[in-house]
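No value in this document is a laboratory result; all are computed from the given coordinates. Given the structure is predicted, the values throughout are model-derived calculations rather than measurements. FYI the Cβ positions are ideal-geometry reconstructions off the backbone, even for glycines, and counts take in every protein chain you see.
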Amino acid sequence: MKDAAILKTGAVGSVIVAVCCFTPVLVVLLGAVGLSAWLGWIDYVLFPMLALFLGVTAYGFWRRQRAAARCAPETQTSKESL
């Protein structure tokens, strides 16, 4: 998977899970559809998913930084400048 795809997947997943965690979006939606019995265990799913997607985002940033460092022009070492 490319660095940009990993970063986008992590960012979009993190935003979606954060919206579901910190706003009553799922409470309203599941209540409207008649699935409010699922709300008792939803935190057991959402918080690990948030941690997972934040980890994917961090991994995407790390890979992008590593790739940028490899593409950067090499600087002279201190021995060469003497």
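Odds and ends about this structure:
- Rounded to the nearest 20 debye, dipole of the chain from Cβ charges on Lys, Arg, Asp, Glu: 280 debye
- Computed from Cα atoms, the angle from the helix 42-71 axis to the main principal axis of the chain rounds to 20 degrees.
- Taking a quarter of the surface of the Cα convex hull of segment 3-70 gives a mean projected area of 4.7 nm².
- Relative contact order (%) - the chain, alpha-carbon pairs under 8 angstrom, separation at least six: 48 percent
- Environment charge at I6 (Cβ cut-off 15 Å; Lys +1, Arg +1, Asp -1, Glu -1): +4
- Crossing angle, helix 3-22 versus the chain [Cα axis fit, 0-90 degrees, rounded to tens]: 30 degrees
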